[in-house]
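Trainee: Structure below; questions to follow.
The values are calculated or read from the model by the stated rules, or taken from the named source; none is laboratory data. This structure is a prediction, so every number in the text was calculated from the model and none was measured. Virtual Cβ from ideal backbone geometry, glycine too; neighbours counted across all protein chains shown. The protein model used for the area step is the full one, side chains on, heavy atoms only, and it has no ligands, DNA or RNA in it. Shrake-Rupley method; radii C 1.70, N 1.55, O 1.52, S 1.80 Å.
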Amino acid sequence: MTVPSLTFSRLRRELFATPVDSVITLALLGFLLAVGTAFLRWVLFQAQWAVIQANTTLFAVGRYPIEQQWRLWLLTGLLAAASGLCWGLLRGRGTWPRNDQLAAGILIALAVIGSWALKLELPIQLRWWGITALLLMVRWAAGRWSQALPAPLLRLVPLVWPVLYLVGMVLISGGLGLMRVPPGEWGGLLLTLLEASFAILLCFPLGILLALGRRSELPLLRWGSVVYIEFIRGAPLITLLFLGQNILGFLLPGGLAPDRVWRAAWVLTFFAAAYVAEAVRSGLVALPPGQLEAARSLGLPMHQALIHVVLPQALRVALPATVGQFITLLQDTTLLSLIGLLDLLGTARTVMANPEFLGKNAEVYLVLAVLFWCCCAALGLGSRALETRLNPLATSKA
Amino acid sequence: MTSPTALPVMIEARGVEKWYPNGFQALRGVDLTVHQGEVVVIMGPSGSGKSTFIRTFNALEDFQKGSIVVDGMPLSNDVRNIDAIRREVGMVFQQFNLFPHLTVLENLTLAPTLVRQRPKREVEQQALELLERVGIHEQARKYPGQLSGGQQQRVAIARSLCMEPRIMLFDEPTSALDPEMVQEVLAVMQELARVGMTMVVVTHEVRFARQVASRVVLMAEGQVVEEAPPEQFFANPQHERSRQFLSQIN
């Protein structure tokens, strides 16, 4: 049992080396303790969480029609199953490493404590438990039986996600026999995630094309890309959002202009694409020119050289900056509330304007902050995992 | 050996002139004829245009005047023509330029499967045989970053050979190597010359030039100064510029 004493001596060495150090350490500890207890006291005893508990559905999906909400539950279930499947295939092998146990524990705790703290109705609580159980069961099954499946079938698994995205779009908006739910009725977290995922998925390929265009030898293509990127980067997003709401209505003949929600999604996409293009360009610049020369001298035509040699390396370099851009994009969706859309922040503002919940801003904003933090942390974790996976020589811990 | 002039011409460069965009003239009317099976070594001080010259053969550099015919195909700006020539001409670079995100084996199989559209299994078989030939068979599943410089350059040679080129260009293949690794790369090149590959080599390795070259070409200031068989070039150079260069590298 030398470890605790080692830690203790190290603490003493680093935090209490001199009397001045000790005073600073104690003062900071006291300050942190005071702030921490005050915050906890407020969270546990003073804050009135009824404003959240009474509006969970509103925060989650806005004014999505109640009798159609089963579609969203179905989608959540499908997402959970797909996540479990990929989780099991990537990390399974019939075992649960310690980090996976931790993740499973957090998921179960979220389902139980979360639904208890939010005072969800029993049927809804049951649904969350069911979805969590589904996720963990699929993960277990996928890990256990992945070896038995033929390799060509396993290679098709990533296709689950684009298919699921299209299925999700149909489930959310209707069509194919389902009742239509116009975008104006989507709201809350649903709208936020929808706008963000749509923009993230489309701005990425668009950004790559712009970055390649900016380095093209064709003057028209190069200058077109430069003008586009610099124009977008020179304008604040909020002005572009207002511009998008107003100008598209003028430019396109009546009825052709997409719905306000989709207009905003396209503006977000075009906005983020310019920034992604600059991130990708930094990756392209970092690549030694000999790579393209080697590929071309082997007889690869330009597009194959780009797809197989240049982009895989450039995108790996650009990945951290690109994901940073995605995270910014997710947070930028809050601006949609300023153009009158009921995203997470917009919904929160309507709730806070309700006389019944007047003065409960702190509670609402805290929950919003936690929700956004969770989404962004997930993006960040995913990108770091991808970075390690993409680096063939990831032996250094530095 | 038969007289090289009896064999078909693989590269025919006539009066090649090149200006860089800043106005500097890198090539001032260079002529060169390479026959099948010949090993032509180009030497010269740095900045003499020798690298630029062999890079025009597979259109990595353009040129403004003159003409180049490679394996019967005149070089033009047509993209298809350029790709066709590059399929027949392999190139080995000073900095190896292996693809770091692919394994050694994938480095070899990438172009044949994509460009020649040959079945993957067959190409892998051939790639493993080539790796065996250059002596790094057991490293096939490693990434280039895990190999020494000499091994990387041998992989780069094997990668070019996997496209079954009719001509191989070497642009200072040993200049970036630690001294103890130069020999292993030169040995592979020597073996390649022995089996009759047409080669144009830019190098400073005098011993390689003496032993392997059919002809040595000395370039200076963007022009060919002297062109002679190695025994004559090293023992009895005809031009003052050649004597000066040889005295500098010895």
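Trainee: With a 1.4 Å probe and all protein chains left in place, how much accessible area per residue does region B:4-249 have, in Å²?
Mentor: Roughly 43 Å² per residue, with all protein chains present.
Trainee: Separate question: Take the solvent-accessible surface of the protein heavy atoms, probe 1.4 Å, and return the percent of it on the protein assembly as shown that carbon and sulfur atoms account for.
Mentor: Exposed carbon and sulfur together represent 64 percent of the surface.
Trainee: Next question, about the same structure. Using a 10 Å cut-off on Cβ to Cβ distances, tally the other chain neighbours for every residue of B:94-102 and report the average as a whole number. All intermediate terms of the calculation are to be shown ahead of the outcome.
Mentor: On the way: counts 1, 5, 2, 11, 3, 9, 8, 10, 5.
If you average over the peptide's residues, the count of other-chain Cβ atoms is 6.
Trainee: Length gain on complete extension for the stretch B:Gln146 to B:Ala6, per 0.36 nm per residue less the alpha carbon to alpha carbon distance? All intermediate terms of the calculation are to be shown ahead of the outcome.
Mentor: Numbers: separation 140, 0.36 × 140 = 50.40 nm, distance 4.52 nm.
So the extension gain works out to 45.9 nm.
Trainee: Then there's this: How much FRET efficiency would the formula 1/(1 + (r/R0)^6) give for A:Glu230 and A:Val160, where r is the Cβ-Cβ distance and R0 is 35 Å, rounded to 0.05? Kindly include the intermediate steps, with their values, before the conclusion.
Mentor: Numbers: r = 39 Å, r/R0 = 1.10.
My answer for the efficiency is 0.35.
Trainee: Can you give the calculated 222 nm mean residue ellipticity of chain B, where each DSSP H run of n ≥ 4 adds -39,500 (n - 2.57) and the sum is split over every residue, rounded to the nearest 500 deg cm²/dmol?
Mentor: After summing the helix terms and dividing by the residues of chain B, the value is -11500 deg cm²/dmol.
Trainee: Which one, A:Ala199, A:Gly175, A:Ala117, projects farthest toward the positive side of the charge dipole computed for region A:113-208 from Cβ point charges (K/R +1, D/E -1)?
Mentor: In region A:113-208, that residue is A:Ala117.
Trainee: For A:Leu176 and A:Thr239 in one chain, what is 0.36 nm times their gap in residues minus the Cα-Cα distance, to one decimal in nm?
Mentor: Gain on extension, A:Leu176 to A:Thr239, equals 19.0 nm.
Trainee: Let me ask something additional. Take peptides B:233-241, B:166-174 and line them up by average Cβ neighbours within 10 Å, highest first, as a rough protection proxy.
Mentor: B:166-174, B:233-241
Trainee: Tally Lys and Arg at +1 and Asp and Glu at -1 over the other residues with C-beta under 12 Å from the C-beta of A:Thr57: what net charge comes out? Show your work: numbers first, answer last.
Mentor: Details: positive: A:Arg63; negative: A:Glu121.
Net local charge, A:Thr57 excluded: 0.
Trainee: I would also like to ask the following. Ordering B:Phe57, A:Phe372 by accessible area with a probe of 1.4 Å, largest first, what comes out?
Mentor: Descending order: A:Phe372, B:Phe57.
Trainee: Once you sort the root eigenvalues of the Cα gyration tensor of chain A as a ≥ b ≥ c, which label holds: rounded (a/c under 1.5), prolate (a/b larger than b/c) or oblate (the other case)? Write out the running numbers ahead of the final one.
Mentor: On the way: a/c = 1.37, a/b = 1.12, b/c = 1.22.
Rounded, because the longest to shortest axis ratio a/c is under 1.5.
Trainee: Would you kindly derive the ³J(HN,Hα) couplings of region B:219-236 from the backbone phi angles with the Karplus curve 6.51 cos²θ - 1.76 cosθ + 1.60 (θ = phi - 60°), listing them in order in whole Hz, with x for Gly and Pro?
Mentor: 10, 8, 6, x, 9, 7, 8, 8, 9, 7, x, x, 4, 6, 4, 7, 7, 9
Trainee: How large is the helix-only mean residue ellipticity at 222 nm for chain A, computed as the sum of -39500 (n - 2.57) over DSSP H runs with n ≥ 4, divided by its residue count, in deg cm²/dmol to the nearest 500?
Mentor: Helix contribution divided over all residues of chain A: -23500 deg cm²/dmol.
Trainee: Per residue in region B:57-81, which ones lose no less than 20 Å² of accessible surface when going from chain alone to all protein chains (1.4 Å probe)?
Mentor: Those residues are B:Leu60.
Trainee: Related question: Using the Karplus curve 6.51 cos²θ - 1.76 cosθ + 1.60 with θ = phi - 60°, work out ³J(HN,Hα) for each residue of region A:36-42 in order, rounded to whole Hz, and write x for Gly and Pro.
Mentor: After applying 6.51 cos²θ - 1.76 cosθ + 1.60, I find x, 5, 4, 5, 4, 4, 5 Hz.
Trainee: Quickly work out the A:Thr57-to-A:Gln331 label distance, labels modelled 7 Å from Cα along the C-beta direction, and quote it in nm with one decimal.
Mentor: Going from the A:Gln331 label point to the A:Thr57 one covers 3.3 nm.
Trainee: Also: Between A:Met352 and A:Asp259, what FRET efficiency comes out of the Förster formula 1/(1 + (r/R0)^6) with R0 = 22 Å and r the beta carbon distance, rounded to 0.05?
Mentor: Result of the calculation: an efficiency of 0.25.
Trainee: Oh, and also: How much FRET efficiency would the formula 1/(1 + (r/R0)^6) give for A:Ile106 and B:Arg121, where r is the Cβ-Cβ distance and R0 is 60 Å, rounded to 0.05?
Mentor: So, using R0 = 60 Å, E works out to roughly 0.85.
Trainee: Okay, moving on. How many nm separate the modelled label positions at A:Arg41 and A:Ala151, each set 7 Å beyond the Cα in the direction of the Cβ?
Mentor: Taking the two extended label points, one gets 6.5 nm.
Trainee: What is the average number of partner chain Cβ atoms found within 10 Å of a Cβ in A:282-295?
Mentor: On the way: counts 0, 0, 0, 0, 0, 0, 3, 1, 6, 6, 2, 8, 14, 6.
If you average over the peptide's residues, the count of other-chain Cβ atoms is 3.
Trainee: Mind grabbing the interface size between A and B? I mean buried accessible area, both sides, 1.4 Å probe, in Å² to the nearest hundred.
Mentor: Working: alone 23860 and 11920 Å², together 33890 Å².
Summed over both sides, the interface buries about 1900 Å².
Trainee: Given +1 on the Cβ of Lys and Arg, -1 on the Cβ of Asp and Glu, and no further charges, what dipole in debye does region A:185-390 carry about its Cα centre, rounded to the nearest 20?
Mentor: About 480 debye.
Trainee: Lys and Arg at +1, Asp and Glu at -1: add these up for the other residues within a Cβ distance under 13 Å of B:Gln151 and post the number.
Mentor: After counting each charged neighbour, the total is -1.
Trainee: A:Leu338 versus A:Leu201, label points 7 Å from Cα toward the beta carbon: distance in nm?
Mentor: Calculated label separation equals 2.8 nm.
Trainee: To continue, here is another question. Once the other residues with Cβ under 10 Å from the Cβ of B:Leu32 are scored (Lys, Arg +1; Asp, Glu -1), what is the net sum?
Mentor: With Lys, Arg at +1 and Asp, Glu at -1, the net is -1.
Trainee: Oh, and also: Packing-wise, with mean Cβ within 10 Å as the measure, how do B:175-184, A:101-110, B:79-88 rank, highest first?
Mentor: B:79-88, B:175-184, A:101-110
Trainee: Then there is this: So for B:Arg141, A:Arg281, A:Arg63, what's the accessible-area order with a 1.4 Å probe, most first?
Mentor: B:Arg141, A:Arg63, A:Arg281
Trainee: Please state the relative contact order of chain A as a whole percent: Cα pairs under 8 Å, 6+ residues apart?
Mentor: After rounding, I find 18 percent.
Trainee: Angle, helix B:104-115 long axis vs. longest principal axis of chain B, Cα atoms, 0 to 90°, nearest 10?
Mentor: It is inclined by approximately 80 degrees.
Trainee: For B:Lys50, list the lysines whose Cα falls under 22 Å from its own Cα; do not include residues on the same chain fewer than 8 positions away.
Mentor: Straight-distance partners of B:Lys50: B:Lys18, B:Lys65.
Trainee: Straight distance only, please: which aspartates and glutamates reach the Cα of B:Lys142 with their own Cα at less than 15 Å, same-chain residues fewer than 8 apart left out?
Mentor: In chain and number order, the partners are B:Glu106, B:Glu124, B:Glu132.
Trainee: Probe radius 1.4 Å, ligands and nucleic acids left out: which of A:Val23, B:Val92 has the largest accessible area, and how do the rest follow?
Mentor: A:Val23, B:Val92
Trainee: Sorted by mean Cβ packing within 10 Å, highest first, what order do the peptides B:145-155, A:263-273, A:174-184 take? Working shown, then result.
Mentor: Details: B:145-155: 20.8, A:263-273: 22.6, A:174-184: 12.4.
The densest-packed peptide leads the list: A:263-273, B:145-155, A:174-184.
Trainee: While we're here: Provide a whole-number value for the mean count of partner chain Cβ atoms within 10 Å of the Cβ atoms in peptide A:298-310.
Mentor: If you average over the peptide's residues, the count of other-chain Cβ atoms is 6.
Trainee: Relative contact order of region A:66-181, please, whole-number percent, based on alpha carbon pairs below 8 angstrom and at least 6 residues apart.
Mentor: Computed value for region A:66-181: 42 percent relative contact order.
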